Number of protein chains: 2
Amino acid sequence: MTASLDRAACEALDAADPLAPLRERFLLPERVIYLDGNSLGALPRTTAARVARTVETEWGRDLITSWNKAGWIGLPRAVGAKIARLIGAEADEVVVCDSTSVDLYKLAAAALSLNAPRRVILAEAGDFPTDLYILQGLAGSVGAELRMVAPEAIEGALDQTVAVLVLTETNYRSGEIHDMAGLTAKAHAVGALTVWDLSHSAGVLPVDLNGAEADFAVGCGYKYLNGGPGAPAYVFVARRWHERFRQPLSGWLGHARPFSFVDDYTPAPGIDRAQCGTPPVLSLVALDEGLNSFEGVEPKALYEKAGRLGDLFIALVEQRLSGHGFEIASPRDPARRGGQVALRHPEAYAICQALIDRGVIPDFRAPDVVRFGLVPMYVRFADLWDAVEVLLQVMQSGAWKDARFAVRAAVT
Amino acid sequence: MTASLDRAACEALDAADPLAPLRERFLLPERVIYLDGNSLGALPRTTAARVARTVETEWGRDLITSWNKAGWIGLPRAVGAKIARLIGAEADEVVVCDSTSVDLYKLAAAALSLNAPRRVILAEAGDFPTDLYILQGLAGSVGAELRMVAPEAIEGALDQTVAVLVLTETNYRSGEIHDMAGLTAKAHAVGALTVWDLSHSAGVLPVDLNGAEADFAVGCGYKYLNGGPGAPAYVFVARRWHERFRQPLSGWLGHARPFSFVDDYTPAPGIDRAQCGTPPVLSLVALDEGLNSFEGVEPKALYEKAGRLGDLFIALVEQRLSGHGFEIASPRDPARRGGQVALRHPEAYAICQALIDRGVIPDFRAPDVVRFGLVPMYVRFADLWDAVEVLLQVMQSGAWKDARFAVRAAVT
């Protein structure tokens with residue numbers, strides 16, 4: 001990036017962007033710059049009709065018969081297969097079910113059990129909170145030990161006591177990417193298994209689980225996968241574990257013959273045993289549509305554009321916002337950065353509110369980060385110019401101070 | 001019921017039925033008699049518009065801001081409060097989250113933990129399979145012992161080794177109702193806690209959890225509550241346990257301050273700590289609409305009608321289907337029977353298929369039961385006359401044999 005950045009230069013980047021037409025696959029509100037698709041992905045153009053059909057025809061008209069007739073019972077695997085392509089997995093290694101939190105519990109428990117008598121779960125301090133909370137709950141329940149260490153201490157903490165290393169590949173706050181292949185190899189070298197959380201990776205990075213020889217993974221359906229609010233999550237289990245893994249949430253849809261109604265649990269072959277209860281079909285069909293928006297799109301191309309969006313955003317912040325107290329809290333090297341750029345500022349919360357009031361939607365991550373999600377499917381280069389322009393106005397006018405006082409008044 | 005039953009007599013019952021207008025709250029397909037609302041409840045008239053608004057406006061236009069603006073974050077409690085009224089609970093004792101299977105795991109684990117060092121889970125052989133499977137998974141994971149006994153042996157099996165008794169109040173197959181208050185008192189007398197599964201009770205029986213001094217309960221959102229396919233489930237925790245219960249699936253939405261993003265889990269006060277991950281919002285708003293269909297309706301009135309529907313159905317079967325090999329597999333006393341009547345027949349599967357082919361939809365429960373769900377919100381007395389008429393035709397014509405051969409051919 002050069003010092004000559006202006007809006008026309010950004011528009012030129014959009015004009016030359018081969019992915020620009022993908023934006024048409026989404027319905028985005030006018031006069032809003034949406035930079036939070038890494039928290040809740042935008043609405044695909046086809047989703048409303050699909051959900052309406054499921055409600056009105058499949059549920060309303062065909063009722064219970066839709067479990068077979070409309071294929072509801074097969075959706076967890078069919079949608080899982082669409083995700084598999086984005087994360088370097090085989091179609092039969094991924095199934096959609098439950099939430100990321102619940103799925104992480106299942107897989108960390110499965111890994112602990114496979115690696116008994118080892119009982120240490122190694123995790124990263126500052127990882128996405130629900131991951132750490134779930135591991136605390138699991139450790140307390142089954143008598144394991146959770147060790148949380150700083151990111152730079154992970155490698156050193158991998159020793160022969162560790163049963164399983166649980167890590168989010170792309171940090172939810174900074175966007176920094178772990179070396180999945182390298183850390184998995186180091187874990188395996190000491191006999192530890194790995195569970196990767198792909199929530200901030202899948203759909204924007206070219207994840208390669210099998211290339212990295214990962215054992216287990218989970219991920220979120222409502223961020224880059226555009227599955228809608230609270231869309232169900234997914235589970236990956238490498239095929240080499242299909243025969244041996246067992247997970248404790250052994251509900252009927254993970255049974256080998258769920259409709260035999262026998263008293264004893266027999267795990268289904270392969271990935272299906274990761275399922276538990278009946279899936280939330282309306283949310284599941286929305287996720288299916290979300291994944292259809294990736295048709296013909298290669299993760300590598302998305303990542304390349306995400307990197308360029310991030311580089312531009314950092315350059316704009318440095319060029320136009322110097323002296324306003326922002327610190328770039330994400331890696332500058334796009335190869336080490338996911339689909340977001342985080343800015344640190346002591347008044348991050350109030351600034352974030354002031355931006356939202358002006359139609360620029362990032363999000364706040366406590367205590368001091370404004371996080372800008374640069375989703376390559378629908379964020380334009382010119383959007384970043386405009387967003388930084390609004391941010392500059394907020395800072396120059398002191399408008400964020402009003403937001404700060406409004407917020408503090410509301411809290412007290 | 002007398003020997004003079006005919007269709008006109010059934011129509012007269014409908015004409016005199018004060019609940020008959022409730023049927024208008026649902027969209028039911030023409031030329032279908034739906035007797036499976038205890039497996040998947042019918043579509044309420046208002047649901048499609050509500051879900052469409054959530055997809056198009058709340059998600060599509062307002063995006064991430066809808067967590068606050070549209071109240072998504074409060075839905076688990078708001079919907080829970082609507083369920084509370086139907087199950088004899090206080091509004092702050094119920095929250096909607098996850099599936100029945102996942103919720104049962106949470107509560108059985110919580111009860112075990114509260115009642116340490118006892119480690120026996122007592123359950124009923126032949127209870128709904130996912131309940132037994134989940135308890136097997138939990139027992140294996142935390143080192144507890146699952147004892148499954150026949151229904152008539154439950155009382156005798158309650159001794160001072162039992163940590164928790166887990167029972168479905170209304171049997172999914174026969175519809176037989178357990179004495180919740182009596183068994184809870186007997187459990188408490190030996191120091192055991194109780195987890196009740198209300199899946200086949202709530203929305204058709206006047207459940208009274210607090211009257212029975214129940215400790216914990218779970219239930220399904222997609223049967224009598226009309227929440228749509230795979231609607232999320234709910235959790236009840238009696239207020240006296242709110243300070244002390246802990247459940248292992250300690251995801252971020254059960255945290256005291258979920259958006260503080262700190263590393264350590266602190267359980268939220270009260271029922272909120274039963275929550276885990278992000279709820280599937282589309283499925284959750286459909287459940288909310290499902291519960292709106294109960295507005296102004298008393299469970300007691302529903303149950304009274306369900307009893308009369310069941311009595312009529314049994315009388316019609318006995319009057320018109322004698323000699324065709326059916327056995328009534330549900331209690332004849334309506335006070336001991338939920339909202340369904342089960343018929344046992346050696347060719348139950350083929351008969352069920354033949355009925356479905358003719359627009360009468362019950363369901364099959366292995367190995368030999370055809371289960372007729374008599375949902376008082378929308379099933380009419382005359383529907384039962386017509387359903388038995390079709391069943392009679394199927395048996396007299398031998399049409400079920402075609403279904404049987406078709407099915408066997410499909411299986412081989």
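Taking other Cβ within 10 Å of each residue's Cβ, how do A:Ile154, A:Ile73 sort, fewest first?
Numbers: A:Ile154 20, A:Ile73 16.
With the fewest neighbours first, A:Ile154, A:Ile73 line up as A:Ile73, A:Ile154.
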For this session: Provide the FRET efficiency to the nearest 0.05 for the A:Lys69-B:Thr46 pair, computing r from the beta carbons and using R0 = 22 Å.
Result: 0.35
Problem set entry | Set of the range A:346-386 residues, backbone N closer than 16 Å to the point 7 Å along the Cα-Cβ line of A:Asp402 | A:350-360
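Quote the charge dipole size of chain A about the Cα centre in Debye, to the nearest 20; the model charges only the Cβ of Lys and Arg (+1) and of Asp and Glu (-1).
Working: 40 positive and 50 negative charges, 92 e Å.
Result for chain A is approximately 440 debye, rounded to the nearest 20.
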Seminar exercise, completed: Rounded to the angstrom and largest first, Cα extents along the principal axes for the protein assembly as shown equal 95, 58, 53
Seminar exercise, completed: The ³J(HN,Hα) series, computed from each phi in the range A:309-314 with the Karplus coefficients 6.51, -1.76 and 1.60 at θ = phi - 60°, rounded to the nearest Hz and given as x for glycine or proline, is 4, x, 4, 5, 4, 4
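Output the antiparallel fraction of DSSP beta bridges having both residues in the range A:48-292, as a percent to the nearest 5. Can you show the working numbers first?
Details: 9 of 27 bridges.
If I count the DSSP bridges inside the range A:48-292, around 35 percent turn out antiparallel.
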Problem set entry | Whole-Hz couplings from phi, Karplus 6.51/-1.76/1.60, listed for the range A:376-382; x for Gly and Pro | x, 5, 9, 8, 9, 4, 5
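So which of B:Lys82/B:Lys300; A:Lys82/A:Lys223; B:Lys106/B:Lys305; A:Lys106/B:Lys223; B:Lys106/B:Lys223 end up more than 23 Å apart, counting from Cα to Cα? Write out the running numbers ahead of the final one.
Details: B:Lys82/B:Lys300 16 Å; A:Lys82/A:Lys223 15 Å; B:Lys106/B:Lys305 34 Å; A:Lys106/B:Lys223 27 Å; B:Lys106/B:Lys223 21 Å.
Over 23 Å apart, Cα to Cα: B:Lys106/B:Lys305; A:Lys106/B:Lys223.
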Seminar exercise, completed: In whole Hz, the Karplus estimates of ³J(HN,Hα) for the range A:89-105 (6.51, -1.76, 1.60; θ = phi - 60°; x where Gly or Pro) are 10, 7, 4, 8, 9, 10, 9, 8, 5, 6, 9, 4, 4, 4, 5, 5, 4
For this session: Putting +1 on Lys and Arg Cβ atoms and -1 on Asp and Glu Cβ atoms, find which of B:Asn38, B:Asn292, B:Ala315 reaches farthest to the positive end of the dipole of chain B.
Result: B:Asn292
Seminar exercise, completed: Quick calc, the protein assembly as shown, dipole around Cα centre from Cβ unit charges on Lys, Arg (+) and Asp, Glu (-), nearest 20 debye, gives 140
Exercise. Taking neighbour counts of Cβ atoms within 10 Å as a proxy for exposure, in what order, fewest first, do A:Ser397, A:Ser39, B:Ser101 appear?
Worked result: A:Ser397, A:Ser39, B:Ser101
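Could you please rank B:Met377, A:Met395, placing first whichever residue has the fewest other Cβ atoms within 10 Å of its Cβ? Don't skip to the end; give the middle numbers.
Working: B:Met377 24, A:Met395 20.
Lowest count first: A:Met395, B:Met377.
Which length gain, in nm to one decimal place, applies between A:Leu5 and A:Ala20 when the Cα-Cα distance is subtracted from 0.36 nm times their residue separation?
Details: separation 15, 0.36 × 15 = 5.40 nm, distance 1.99 nm.
Fully extending the segment from A:Leu5 to A:Ala20 adds 3.4 nm.
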Problem set entry | Distant-in-sequence amide H partners of A:Val120 (H built 1.01 Å from N, under 5 Å) | A:Glu145, A:Ala163, A:Val164
Exercise. Where the label is 7 Å out from Cα toward Cβ, how close does A:Lys401 come to the same position in every other copy, in nm, shortest first?
Worked result: 9.2
Exercise. How far, in nm, would the chain grow between A:Arg53 and A:Glu30 when pulled straight, counting 0.36 nm per residue and subtracting the alpha carbon separation?
Worked result: 5.6 nm
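Just for chain B, what percent of DSSP beta bridges are antiparallel, to the closest 5? Don't skip to the answer; put the middle values down first.
Working: 22 of 42 bridges.
Once the DSSP bridges in chain B are tallied, antiparallel ones form about 50 percent.
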Exercise. Within the range A:163-201, whose backbone N sits under 20 Å from a point 7 Å along Cα→Cβ of A:Glu90?
Worked result: A:194-196
Seminar exercise, completed: Non-local residues with an amide H under 5 Å from the amide H of B:Val149, with H modelled 1.01 Å from N and Pro and chain starts lacking one, are B:Ala123, B:Glu124, B:Ala125
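Suppose only helical runs count, i.e. DSSP H with n ≥ 4. What mean residue ellipticity at 222 nm does that imply for the protein assembly as shown under -39500 (n - 2.57) per run, divided by all residues and rounded to the nearest 500 deg cm²/dmol? Walk me through the intermediate numbers first.
Numbers: 26 runs with 298 residues, N = 824.
Calculated at 222 nm, the ellipticity per residue is -11000 deg cm²/dmol.
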Exercise. Using modelled amide H (1.01 Å from N, peptide plane; none on Pro or chain starts), what sits under 5 Å from the amide H of B:Ser99, excluding residues fewer than 5 places away?
Worked result: B:Ala233
Problem set entry | Estimated inter-spin distance, A:Ala150 and A:Glu318, nm [label 7 Å along Cα→Cβ] | 2.5
For this session: Specify which residue in the list B:Met395, B:Leu374, B:Ser330 is farthest towards the positive end of the charge dipole of the range B:326-412, using unit charges on the beta carbon of Lys, Arg (+1) and Asp, Glu (-1), about the Cα centre.
Result: B:Ser330
Exercise. Label points 7 Å out from Cα along the Cβ direction at A:Val190 and B:Arg332: separation in nm?
Worked result: 7.1
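We did not get these values from a lab; they are worked out from the coordinates using the rules stated. Here the structure is a predicted model, which means the values were calculated and not measured. Cβ: placed from backbone, ideal geometry, glycine included. Neighbour counts: every protein chain shown.
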